[in-house]
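Here the structure is laid out as structure tokens; the discussion comes afterwards.
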């Protein structure tokens, strides 16, 4: 996890597990979906949080954009039957990240400077958004930038 972030509490919420995180000793606290934090990356004043639900055969990988002390946007990746164990998100550039989920499928995640229209992707839930700053694509394609 990124320096300064601490897991304060874990709960089972009505929509699945949630974590209460805090940035630094006196920084903002927020709830994010998931049971485990896999990685946190700072992008200027914002953060990208990768977390998982750790439910065998029903795994969800959550990617949350934290801005202004709250979740500004979230995308969930679901591939039933695959575990997220061993996922190691990595920073490829200032606003570009890579990860494998499931094990043989490589993803690119780009944090856009502004929201753009995104295309539906198999296994990706956007939580009611068609305009997003979290642009996902397979590694063979460029991220979904405008």
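Data overview
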| item | result |
| --- | --- |
| Per-region count, segment 29-52, residues outside any strand (DSSP E or B), without any contact (Cβ under 8 Å) to a residue 24 or more places away in the chain and touching a strand residue (DSSP E or B) at 6+ places or on another chain (Cβ under 9 Å) | 1 |
| Residues of segment 1-28 classified as assigned to a strand (DSSP E or B) and surrounded by 13 or more Cβ atoms within 10 Å (Cβ to Cβ), total | 11 |
| Test: residue in segment 14-34 that is modelled with pLDDT of 85 or more, farther than 22 Å from residue 122 by Cα and within 12 Å of the chain's Cα centre (by Cα) | yes |
| Near pairs, Cβ below 6 angstrom, 6+ apart or cross-chain, from segment 74-90 (under 9 Å from residue 102 (Cα atoms)) to any residue that is at pLDDT 85 or above | 84/52; 84/61; 87/38; 87/99 |
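The values are calculated or read from the model by the stated rules, or taken from the named source; none is laboratory data. Since we're looking at a predicted model, the values are computed, not measured. Counting neighbours? That spans all protein chains shown, and the Cβs are built from the backbone with ideal geometry, glycine included.
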